[in-house]
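Enquirer: Below: one structure in structure tokens.
Just so it is clear, none of the values below were taken in a lab; they were calculated from the coordinates. Quick caveat: nothing in here was measured; it's all calculated off a predicted structure. All Cβ positions, even for glycine, are placed from backbone atoms using ideal geometry, and neighbour counts span all protein chains on display.
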Amino acid sequence: MINCKILFVDQKVVNANGNFSTSYKIPSDALTGNYTIYASTSKESAQKSFEVSGECVRGNPSISIQPLSQLGLQGSTLNYSITVENKDSTPCGTSFFQSKLYYSIRL
């Protein structure tokens, strides 16, 4: 990493499913630009970027389906979680979008 300044560090214990949730409040005097969140264990790591903007920028929401793949036997039930994520920039505040979500199962 070049010119990396660590702004926040914390350590968490994951739950029985290997998950945890956290949040980070962007300071009101934060510099605008691209930031990266890093997470790591002793063997693996991941990162995700976010942008800090001084103005409200509306973005199209994203949609994701978890888990990515499953195998089911005939007659069994498969459970999925479908998430719609707001992609507006932080200065926009909380946005509520109400739209119908259509999903289908295809062969």
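Enquirer: So between residue 37 and residue 65, what do we pick up on full extension, going 0.36 nm a residue minus the alpha carbon distance?
Expert: Working it through step by step, the gained length comes to 7.9 nm.
Enquirer: Can you list the lysines whose alpha carbon is less than 28 Å from that of residue 87, not counting same-chain residues fewer than 8 positions off?
Expert: Answer for residue 87, where 28 Å is the Cα cut-off: 5, 12, 25, 48, 100, listed by chain and number.
Enquirer: With θ set to phi - 60° and the Karplus curve 6.51 cos²θ - 1.76 cosθ + 1.60, what are the ³J(HN,Hα) couplings of segment 33-50 in order, to the nearest whole Hz, using x for Gly and Pro?
Expert: With coefficients 6.51, -1.76 and 1.60, one gets x, 8, 10, 10, 9, 10, 9, 8, 10, 6, 10, 9, 8, 8, 8, 8, 9, 9 Hz.
Enquirer: Once amide H atoms are placed 1.01 Å from N in the peptide plane, what residues at a sequence separation of 5 or more from residue 88, or on another chain, have their amide H within under 5 Å of its amide H?
Expert: Here the answer is 59, since their amide H atoms fall under 5 Å of that of residue 88.
Enquirer: Please report the spacing between the Cα centers of segment 49-64 and segment 5-45 in Å, no decimals.
Expert: Centre-to-centre (Cα) distance: 18 Å.
Enquirer: Please give the charge dipole size of the chain, origin at the Cα centre, charges +1 on K and R Cβ atoms and -1 on D and E Cβ atoms. Round to the nearest 20 debye.
Expert: Using only the charged Cβ atoms, the result is roughly 260 debye.
Enquirer: Something else: Assuming R0 = 22 Å, can you tell me the calculated FRET efficiency for the pair residue 83 and residue 44, based on Cβ-Cβ distance, to the nearest 0.05?
Expert: After rounding, the FRET efficiency stands at 0.45.
Enquirer: Contour minus end-to-end for residue 101 and residue 13, with contour as 0.36 nm per residue of separation and end-to-end as the Cα-Cα distance?
Expert: Gain on extension, residue 101 to residue 13, equals 28.3 nm.
Enquirer: I've got another one for you. Semi-axes, largest first, in whole Å: what does sqrt of 5 times each Cα gyration tensor eigenvalue give for the chain?
Expert: Square roots of five times the eigenvalues give 32, 23, 12 Å.
Enquirer: A further question on this structure: Pairing rule first: another cysteine's C-beta must sit under 4.7 Å. Under that rule, which cysteines of the chain stay single?
Expert: Unpaired cysteines in the chain: 4.
Enquirer: How large is ³J(HN,Hα) for each residue in segment 67-81, as worked out from phi by the Karplus curve 6.51 cos²θ - 1.76 cosθ + 1.60 (θ = phi - 60°), to whole Hz, x for Gly and Pro?
Expert: Running phi through 6.51 cos²θ - 1.76 cosθ + 1.60 with θ = phi - 60° gives x, 5, 8, 8, 10, x, 7, 3, x, 8, 10, 10, 10, 10, 10 Hz.
Enquirer: What does the charge add up to near residue 52, with Lys and Arg as +1, Asp and Glu as -1, over the other residues with Cβ less than 15 Å from its Cβ?
Expert: 0
Enquirer: May I ask you to derive the relative contact order of the chain, considering only C-alpha pairs under 8 Å and at least 6 residues apart, and to give it as an integer percent?
Expert: Computed over the chain, the figure is 20 percent.
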